[in-house]
1. In what order do Cys153, Cys91 fall by count of nearby beta-carbon atoms within 10 Å, going from fewest to most?
2. Just rank Thr9, Thr26, fewest to most, by other beta-carbon atoms within 10 angstrom.
3. Would you mind getting the Kirkwood hydrodynamic radius of the chain from its Cα pairs, rounded to one decimal in Å?
4. Looking at segment 75-150, which trypsin sites (Lys or Arg not before Pro) are DSSP coil and have at most 12 other C-beta atoms within 10 Å of their C-beta?
5. Counting other C-beta atoms within 10 Å, and keeping those with at most 11, which DSSP coil GluC sites (Glu not before Pro) do you find in segment 72-112?
6. For the peptides 39-46, 175-182, what is the packing order when you average, over each peptide's residues, the other Cβ atoms within 10 Å and list the highest mean first?
7. Tell me the trypsin sites (Lys or Arg not before Pro) within segment 34-66 that lie in a loop according to DSSP and have at most 13 other beta-carbon atoms within 10 Å.
8. At Leu108 and Glu163, where each label point lies 7 Å from the Cα along Cα→Cβ, what is the point-to-point distance in nanometres?
Amino acid sequence: MAIYLNVPTNEAYKLLSSGALILVSTSDIKGNMDIAPIAWQCPVDDEPVTKLLFVTGFKNKAYVNAKEKGKFVICIPHANQMQLVRDLVKCSGFEKNKFEIFDIEYSLSEKCQYPVPNGCMAYIECKLIRAIEEESMAIVIGEVIIAKAIKGCYRDRLISEKEMAKTIHFLGKDRFFQPGDLID
């Protein structure tokens, strides 16, 4: 099991500033877990704590759960978890338990007690501030409760140019990339 270190809540935006794909982990009111890959995320504030947003379909189970329970966990997968990302888009959380179907091993986040797949480099627990629905999409705005990163993956920022902290980035139509070298 990985050892996660605390990241100050006003610095949690540094875990997302590379623009990486995220996994949003939730649970419904009956305790059924769900997790969904989300390509569009953005930190929006850092004082006094980080606020962030992501964009998803408003019929996404993870979105419905976050809206119902008022909280969610953002997990940052490592590039070697690409197959997990591909698997997660294959079915709906309304129809199936993705953790059982894909045999996803996980530990629970510290405060929300939502699943964080083993191998994720960091996670950010959030309380829901607002959800804005527009046609078939929703903008979800959250405030960070707690942020954690695996030792060696974070040093004043997520060091995604290092092998141990390679993130996944979505280009569209089942195309992805991972960051390369740091340019000084």
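Throughout, read-outs are computed from the coordinates displayed, never taken from laboratory work. Remember, it's a predicted structure, so these values are computed and weren't measured experimentally. Glycine gets a Cβ as well: all are built from the backbone with ideal geometry, and neighbour counts include every protein chain shown.
1. Numbers: Cys153 24, Cys91 13.
With the fewest neighbours first, Cys153, Cys91 line up as Cys91, Cys153.
2. Values: Thr9 18, Thr26 26.
The fewest-first ordering by Cβ neighbours comes to Thr9, Thr26.
3. Numbers: mean 1/r = 0.0618 Å⁻¹.
Computed over Cα pairs of the chain, the Kirkwood hydrodynamic radius comes out at 16.2 Å.
4. On the way: sites: Arg86, Lys90, Lys96, Lys98, Lys111, Lys127, Arg130, Lys148; in loops: Lys90, Lys96, Lys111.
Within segment 75-150, the qualifying trypsin sites (Lys or Arg not before Pro) (loop, at most 12 other Cβ atoms within 10 Å) are Lys90.
5. Numbers: sites: Glu95, Glu100, Glu105, Glu110; in loops: Glu95, Glu105, Glu110.
For GluC sites (Glu not before Pro) across segment 72-112 that sit outside H, G, I, E and B with at most 11 neighbouring Cβ atoms in 10 Å, the list reads Glu95, Glu105.
6. Working: 39-46: 15.5, 175-182: 11.6.
Going by the mean number of other Cβ atoms within 10 Å, highest first, we get 39-46, 175-182.
7. Numbers: sites: Lys51, Lys59, Lys61; in loops: Lys59.
Filter output for segment 34-66: Lys59.
8. 3.5 nm
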